[in-house]
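Accompanying notes for the structure given below.
Each value in this text was obtained by applying a stated rule to the coordinates, not by laboratory testing. Predicted model only: the values in this text are computed from it and were never measured. Here the Cβ positions follow ideal geometry from the backbone for every residue, glycine too, while neighbour counts run over all protein chains shown.
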Amino acid sequence: MHTAYITHPSFLLHSMGSWHPESPERLRAIDDRLHAAHLFDYLVHLEAPPVQRSQLLRVHDAAYIDFVEASSPSEGFRALDPDTGMNPHTLEAARHAAGGAVMAVDRVMRGEVANAFVACRPPGHHATRNQAMGFCFFNNVAVAAAHALAAHGLERVAIVDFDVHHGNGTEDIFTDDPRVMLCSTFQHPYYPHSGADTISEHIVNVPLPAGTAGPAYREAFSAQIMPRLEAHRPQMLFFSAGFDGHREDEMAQFGLVEADYVWITEQVMDVAARHAEGRIVSVLEGGYDLSSLGRSAAAHIKTLAAL
């Protein structure tokens, strides 16, 4: 079986301004690198459908969904916070981003593909149950995880968030749901200034200092995340795949390189092989240096596809 690559044209139309680092060029950079590395034709290409309201309601409050929908401008921009704004195409893109994550779950669970990468924007892991923030509107990976539990009868899933920023929205959504293990590595102290003090049996936060490079990152991941993942025995695994921890990405101060993202992917694939019949869905989060984003995402996808 192959790896699905799920995207949608609306993702290139969502824009928060030419100055904004979360730009349409991010997806073009990944696409270009997949072509340059001769990976593109080995993937199963699918177009993301819109999410259903019932699927959003598993992780977001109804009043919040109504607020996001009502905030969509007919022209220009509308800011929901200083970093997070909408243009006339944002709502459609956000719906298809979450819908693509749901599609990925369905295709993997039906055995139609081995795993999936959702090349979407806007990203999602900062979106809480009732707040847009950090470039995020709907929490795509949370929607996907909740769908796996509700629609496919799974009892335990896990989300591995290797974005350089803490997945605060995902933690907010699943803080009281032990069926979902969240493992989040992140630079601390740093935006969104959360997660370092969490004490939970199913939320595994690993705050790391600025300057953390591959060896120290791998040591922390092996010691703090891998044993907890094994003990949870997830029946499906998810990546919040942020590549902004790369040493070339100026949004933060980690020192990871492509080989580190390959290593993370391999570790989680091993867990998936033991406990989840290999089932993995990876959802794009951050990564703002276009060259390193393209190279890192392609390395991640190549590993998922066993190419």
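Cβ crowding within 10 Å, taken as a proxy for footprinting-reagent exposure, orders HIS125, HIS2 from fewest neighbours to most as HIS2, HIS125. Highest mobility in the GNM of the chain, judged by mean-square fluctuation with C-alpha springs under 10 Å and restricted to ASP31, ASP197, ASP83, is found for ASP197. The modelled label-to-label distance for the pair ALA79/ALA213, using points 7 Å beyond Cα in the direction of Cβ, is 3.8 nm. Phi angles across the range 277-285 convert, under the Karplus curve 6.51 cos²θ - 1.76 cosθ + 1.60 with θ = phi - 60°, into 3J(HN,Hα) values of 6, x, 6, 9, 10, 10, 10, 5, 10 Hz, Gly and Pro given as x. Packing order of peptides 210-216, 132-138, 147-153, 231-237, highest average first: 132-138, 231-237, 147-153, 210-216 (average count of other Cβ atoms within 10 Å over each peptide's residues).
Among SER222, SER18, SER282, SER194, the order by Cβ neighbours within 10 angstrom, fewest to most, reads SER18, SER222, SER194, SER282.
For the range 1-77, GluC sites (Glu not before Pro) are listed when DSSP marks them as loop and at most 13 other Cβ atoms sit within 10 Å of their Cβ; the list is GLU75.
Counting only Cβ charges, +1 for Lys and Arg and -1 for Asp and Glu, the dipole size of the range 161-219 around its Cα centre is about 240 debye. In terms of other Cβ atoms within 10 Å, ILE199, ILE264, ILE6 run from fewest to most in the order ILE199, ILE264, ILE6. Shape summary: the range 192-274 maps onto an equivalent ellipsoid whose semi-axes, from the alpha-carbon gyration tensor, are 22, 17, 11 Å in decreasing order.
With K and R counted +1 and D and E -1, the other residues having a Cβ less than 12 Å from that of VAL113 yield a net charge of +1.
Basic side chains Lys and Arg get +1 at the Cβ, acidic Asp and Glu get -1 at the Cβ, and with that the dipole of the range 3-304 about its Cα centre reaches some 600 debye.
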